[in-house]
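**Student:** Could you have a look at this structure, given as structure tokens, before my questions?
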Ligand SMILES: Cc1cc2nc3c(=O)[nH]c(=O)nc-3n(C[C@H](O)[C@H](O)[C@H](O)COP(=O)(O)OP(=O)(O)OC[C@H]3O[C@@H](n4cnc5c(N)ncnc54)[C@H](O)[C@@H]3O)c2cc1C
């Protein structure tokens, strides 16, 4: 299939991009890595009037330390994250999870900002950002907002982003030595979207504190299992009653069905991935 | 015929060696010539509006907006195209009672599957054509879709073709002996299973592609296509576009895989030819992935209810089954869509001694995309049904699965043998192959490890299959039933003035290495270096008449025709050389492009020199020597309807019983395809086939909802097997050359696809056995395995 005709702009500065985006004359769609947008255009599921290519905006490609946070520009590619020393030192959850996102060729192009803006319910990144208690910086011509990951993802392909805004960067708290992270996903083939997956962050284990258990690919967006977190916070990792209770709470999540799994199957798999990710959690940060 | 005429170990020895494909570099460097690479002056591009409904009346079509798009050349509705075409009907006379209504390229009054082409837009580019497609307005009146095969044939189900009295296309019963009586008796153990096989399709790297040129001045049509059977297509186009056959030229240059998908008559391709004729401009149609999934033929949607009976010794006393399969709304032309079912009726249980046999097949119409022949037609179903019943019943009587096979496989020295279904088998090696498989895979060790693994909560399974594969078919396959499908093939070989060979042959190359094999045979039999052999295939204007590629016949039949032609040309050349050298032809031979003395190997004359004398200085030859330096030979199998091959395969899998995920740990194949001409190419065929078989067993399925909507028509949703998940595939060969030819080669193209699903099915069930559950549905997805494991919860 071929995309319908569209106009194209490739600004060099963020400001130019934001000016274009705020224009009422033409409906713009930002283009980042194109790994989701281009297929959608070729399938004619997306028919933007104008593509606003962000790939020449150097201001959006950075990874830097800012106090107790790491700031990552929207245009940073998955592959760059995986190569970054800062990421390896400070966001070990990314190192665990990113190899599961698609294939090397797609990770060479796909960006963190693109994944965040898209909010695919099966994508890893929204869940990772929730598990890490990250925040998302969005900008428009006239304003800047900071939105927590918990509040950013609203539903399938639905976010708090307004049409005149761009994702500017992501702010992730750095890991300290007590923090623990776990990640587990079940994908039919390596690089596929998962049938079910979970990302977990904890400020400590033995007992669990400040757990964040976030599922992806089971519901209409990355979903925190707050009741499961409550059942486990303050408990030791070998407390099987607490674990049992936490697993039971998962039946209350809102599962969606697809051609490969009924909601009952999703619920079953959610239990399995949570258990497996928790069992990895007790091992130390890299 | 008997015995090889040629020694296969001469200096130009290529047969039996892993010769590197001469065309590999060109293809890897991106220098291939695929249909989409073709750019012709004034060429325009086609796209189709396809039915969004599985079953609907077409009330009205408004093309005015589409026609007004800048760059649109023409918009054709059903009658515009259909009126130019003689309808085709896909039945074969030897499939008694088979019926299927006449077909035309575009749906006119009623659309009968989601994806059926209705309107054709031709424009300056494909993108413009797609823009215009969006503006075509069609008013439909949805009709009740008939999708489920098991109810399609029932009374009261809506008729897909009201002119027929039911949705049944074909039925056949095979009866041998008396199965019912044989199943009685106190020492008999019987076992029944119901199997479900999912629809899947052969996902080719290069999609279906056509460029058609029509020259009005001389009324000739050139059909460039990505396909397997140029001469068949020539006959089809000639008959249904009503052009003299000699005015139709079909060209298949490089082809990026076909697997049986590209050997049929597709409405969109015929419409492309008609459009070229109407517009007098070249028209290109390249199917995109979405179109491929919804209009390339699908295969293997079967529900089989099977029953096996064994005695105390594990001897099979009877096998019965009943197969229902849905083929879409029509039978596919010209091979028909009943062959898959027919193969299942013929081949189930074929490796074994079975005297009492009953099989019933019912082929029904339904409102889904059409089904037809895809690699290993019928074999995956036939092998999985029989070998799953055998392994399950073996456990029932506490017998090892290898042991029960040894008791039932036809003895290697018993051939020729005619099976209960009337198939004639010869020169097979089931026992030798199984023995060699067991040794290669270290069977006993695996069984021991399995026990200790289970104790540790690891569920691993071992599954086997013994199988036959139909190869080198005679005219008994299609020609006998009236289809324009040749079972014979021909080769012409010409020696040029520089001493090089030019081979043209009617079998075709789709990436499997056929051209390499033909070059190997020509080079060796004639006596030149392989880089002095140029092979042409895939062009009806330039090759002898023949069947092309299907049913694993390229090497066995096309190869034999090359062997015969090379031998004939060599005799000619030696006669000329003898005359020039004033000696007798039988004292000479050809070696590495030089005529030599047989006696002392002395070099007598370079072939280039001989060529120059013949072509430029024929005055040096005696007047009665009139060399042609070209020879043509044709070959068909005469002694048997088919030349069967056999193999034994095994899979080792691990099932994650919490998730239903299956990991294939290892896969082993022992294959007997007769003479192995190029071990690496044969191994590639086996490995690729096994991977496709694993695809069918674990991953691939065209999922439809109850309304006949295809749910997963993208490469993200339709899961083809990928390298990361594939096991090592270990291969050994047993070579029992067929005596039906000098070459001795049988086919090897479909064994892996035919056998692997059975081995995987058995392995998964072997892993699940201690948990007292089983699955008999393919693909064995995580959810289906979980449902088998936790029937109360999921
Ligand atoms: C074969 C394949 C497998 C894949 N597997 C996975 C997988 O397993 N897991 C996974 O998570 N993803 C997967 N993906 C998707 C991939 O990760 C995408 O790259 C990602 O989802 C989008 O990132 P992108 O940079 O390519 O964005 P694009 O495709 O360029 O854009 C995506 C959307 O975000 C918008 N957008 C982009 N950047 C911004 C911005 N800065 N501000 C505002 N809006 C913006 C665009 O307008 C568009 O709507 C896969 C893709 C492919 C092709």
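What follows draws every value from the coordinates through simple rules; no lab data is involved. Please read these numbers as outputs of a predicted model, since none were measured by experiment. Please note: Cβ atoms are built from the backbone with ideal geometry, for glycine as well, and neighbour counts cover all protein chains shown.
**Student:** If packing is taken as the average count of other Cβ atoms within 10 Å, what order do A:101-108, B:269-276 fall into, highest mean first?
**Tutor:** Details: A:101-108: 16.5, B:269-276: 28.1.
Going by the mean number of other Cβ atoms within 10 Å, highest first, we get B:269-276, A:101-108.
**Student:** Additional query: For segment A:13-159, what is the percent of antiparallel DSSP beta bridges, rounded to the nearest 5? Each step should come with its number before you reach the end.
**Tutor:** Numbers: 12 of 16 bridges.
For segment A:13-159, the DSSP antiparallel bridge percentage is about 75.
**Student:** Here's another thing I want to ask about it. Can you give the helix-only mean residue ellipticity at 222 nm for chain B, where every DSSP H stretch with n ≥ 4 adds -39500 (n - 2.57) and the sum goes over all residues, rounded to the nearest 500 deg cm²/dmol? Spell out each step's value before the answer.
**Tutor:** Numbers: 20 runs with 211 residues, N = 794.
Value at 222 nm, helices only, nearest 500: -8000 deg cm²/dmol.
**Student:** Follow-up question, since we're still on this one. Please report Rg (one decimal) and Dmax (integer) in Å for the Cα set of chain A.
**Tutor:** Values for chain A (Cα only, Rg and Dmax): 19.1, 60 Å.
**Student:** Please compute the volume of the convex hull spanned by the alpha-carbon atoms of segment B:416-480 and report it per residue in Å³.
**Tutor:** Working: hull volume 9.1 nm³, N = 65.
Looking at segment B:416-480, the number lands at 140 Å³ per residue.
**Student:** Next question, about the same structure. So what does log10 I(q)/I(0) come out to for segment B:20-84 at q = 0.15, 0.26 Å⁻¹, using the Debye formula with one equal point on every Cα and no solvent?
**Tutor:** Evaluating at q = 0.15, 0.26 Å⁻¹ gives log10 I(q)/I(0) of -0.75, -1.28.
**Student:** Moving on to the next point. Indicate the gyration tensor shape class of segment B:81-160 (rounded, prolate or oblate), computed on the Cα atoms with a ≥ b ≥ c the square roots of the eigenvalues: a/c under 1.5 is rounded; otherwise a/b larger than b/c is prolate and the rest oblate. Numbers along the way, then the final one.
**Tutor:** Details: a/c = 2.92, a/b = 1.57, b/c = 1.86.
Note, shape of segment B:81-160 comes out oblate.
**Student:** Going by average Cβ density within 10 Å per residue, which order do the peptides A:203-210, B:607-614, B:667-674, B:347-354 take, highest to lowest? Can you show the working numbers first?
**Tutor:** Numbers: A:203-210: 16.2, B:607-614: 20.4, B:667-674: 27.9, B:347-354: 25.2.
So the peptides A:203-210, B:607-614, B:667-674, B:347-354, ranked by packing, come out B:667-674, B:347-354, B:607-614, A:203-210.
**Student:** Here is a follow-up. Rounded to the nearest 500, what is chain A's calculated 222 nm mean residue ellipticity when only DSSP H runs of at least 4 contribute -39500 (n - 2.57) each, over all residues? Don't jump to the answer; show the numbers that get you there.
**Tutor:** On the way: 12 runs with 92 residues, N = 286.
Calculated mean residue ellipticity at 222 nm is -8500 deg cm²/dmol.
**Student:** Between segment A:179-209 and segment B:769-791, what is the separation of their alpha carbon centroids in Å?
**Tutor:** When both Cα centres are located, 26 Å separates them.
**Student:** Moving on to the next point. Of the listed peptides A:42-52, B:20-30, what is their order by residue-averaged count of other C-beta atoms within 10 Å, with the highest listed first?
**Tutor:** In decreasing order of mean packing, A:42-52, B:20-30 become A:42-52, B:20-30.
**Student:** In units of 2.2 N^0.38 Å, what is the alpha-carbon radius of gyration of segment A:181-278?
**Tutor:** Numbers: Rg = 12.9 Å, N = 98, 2.2 N^0.38 = 12.6 Å.
Relative to the rule-of-thumb radius for its length, segment A:181-278 sits at 1.03.
**Student:** State, as an integer percentage, the relative contact order of segment A:80-224 based on alpha-carbon contacts under 8 Å between residues 6 or more apart. Kindly include the intermediate steps, with their values, before the conclusion.
**Tutor:** On the way: 285 pairs, mean separation 37.5, N = 145.
Reported as a whole number, the value is 26 percent.
**Student:** Express as a percent, rounded to the nearest 5, the fraction of DSSP beta bridges in the protein assembly as shown (both residues included) that run antiparallel.
**Tutor:** Values: 143 of 177 bridges.
Taking every DSSP beta bridge with both residues in the protein assembly as shown, the antiparallel ones total about 80 percent.
**Student:** So what is log10(I(q)/I(0)) for segment A:62-173 at q = 0.12 1/Å, when the Debye sum runs over its Cα atoms only?
**Tutor:** -0.37
**Student:** Compute the distribution of all C-alpha to C-alpha distances in segment B:113-186, in bins of 10 Å from 0, and list the percent of pairs in each, rounded to whole numbers.
**Tutor:** Once binned at 10 Å, the Cα pair distances of segment B:113-186 give 13, 24, 19, 21, 11, 6, 5, 1.
**Student:** Shifting gears a bit: Enumerate the whole-percent occupancy of each 10 Å bin, from 0 to the last occupied one, for all C-alpha pair distances of segment B:190-324.
**Tutor:** P(r) for segment B:190-324, in whole percents per bin: 12, 32, 21, 14, 12, 7, 2, 0.
**Student:** On a C-alpha basis, how far is the centre of segment B:524-565 from the centre of segment B:634-683 in Å? Whole number, if you could?
**Tutor:** Centre-to-centre distance over Cα atoms comes out at 25 Å.
**Student:** Within 10 Å of each Cβ of B:717-723, how many other protein chain Cβ atoms are there on average? Intermediate results must be reported in sequence, preceding the final value.
**Tutor:** Numbers: counts 5, 0, 4, 1, 1, 6, 2.
Mean partner shielding for this stretch: 3.
**Student:** Provide a whole-number value for the mean count of partner chain Cβ atoms within 10 Å of the Cβ atoms in peptide B:754-762.
**Tutor:** That average works out to 0.
**Student:** So how far, in whole Å, is the C-alpha centre of segment A:1-68 from the one of segment A:71-95?
**Tutor:** 22 Å
**Student:** Moving on to the next point. Need one value for B:781-788: mean number of C-beta atoms belonging to other chains within 10 Å of its residues' C-beta atoms.
**Tutor:** On the way: counts 6, 9, 10, 2, 0, 7, 3, 0.
So the per-residue partner count for this stretch is 5.
**Student:** Could you give the alpha-carbon Rg of segment B:499-548 over 2.2 N^0.38 Å, rounded to two decimals? Spell out each step's value before the answer.
**Tutor:** Working: Rg = 10.6 Å, N = 50, 2.2 N^0.38 = 9.7 Å.
Ratio of Rg to 2.2 N^0.38 Å for segment B:499-548: 1.09.
**Student:** Still on this structure, please answer the following. Neighbouring Cβ atoms within 10 Å as the yardstick, rank A:25, B:323 fewest first.
**Tutor:** A:25, B:323
**Student:** Sort segment A:7-53 into rounded, prolate or oblate with this rule: let a ≥ b ≥ c be the square roots of the eigenvalues of the Cα gyration tensor; rounded if a/c is under 1.5, and if a/c is not under 1.5, prolate when a/b is larger than b/c, oblate otherwise.
**Tutor:** Details: a/c = 2.97, a/b = 1.58, b/c = 1.88.
Oblate shape, in that a/c is at least 1.5 and b/c is the bigger or equal ratio.
**Student:** Equivalent-ellipsoid semi-axes (√(5λ), Cα gyration tensor) for segment B:466-512, whole Å, largest first? Provide the component values of the computation, followed by the final result.
**Tutor:** Details: eigenvalues 186, 51, 16 Å².
For segment B:466-512, the ellipsoid semi-axes come out as 30, 16, 9 Å.
**Student:** With a 10 Å Cβ neighbour count serving as the proxy for reagent exposure, in which order, fewest first, do B:780, B:43, B:467 appear?
**Tutor:** Values: B:780 25, B:43 16, B:467 31.
Fewest-to-most ranking of B:780, B:43, B:467: B:43, B:780, B:467.
**Student:** Right, something else. Could you list B:315, B:171, B:700 in order of exposure, starting from the residue whose Cβ has the fewest other Cβ atoms within 10 Å? Please list the in-between numbers first.
**Tutor:** Values: B:315 14, B:171 17, B:700 23.
Least to most surrounded, the residues fall as B:315, B:171, B:700.
**Student:** Rounded to whole Å and ordered largest first, report the semi-axes of the equivalent ellipsoid of the protein assembly as shown derived from its Cα gyration tensor (root of 5λ).
**Tutor:** On the way: eigenvalues 542, 288, 196 Å².
Semi-axis lengths for the protein assembly as shown are 52, 38, 31 Å.
**Student:** Any number yet on Rg/Rh for chain B, C-alpha, Kirkwood? Intermediate results must be reported in sequence, preceding the final value.
**Tutor:** On the way: Rg = 27.6 Å, Rh = 27.7 Å.
Radius of gyration relative to Kirkwood radius: 0.99.
**Student:** How tilted is helix A:240-249 with respect to the longest principal axis of chain A? Cα atoms for both, answer in degrees (0 to 90, nearest 10).
**Tutor:** 40 degrees
**Student:** In percent, how large is the relative contact order of chain A, given Cα pairs closer than 8 Å and 6 or more residues apart? Numbers along the way, then the final one.
**Tutor:** On the way: 623 pairs, mean separation 43.2, N = 286.
Reported relative contact order: 15 percent.
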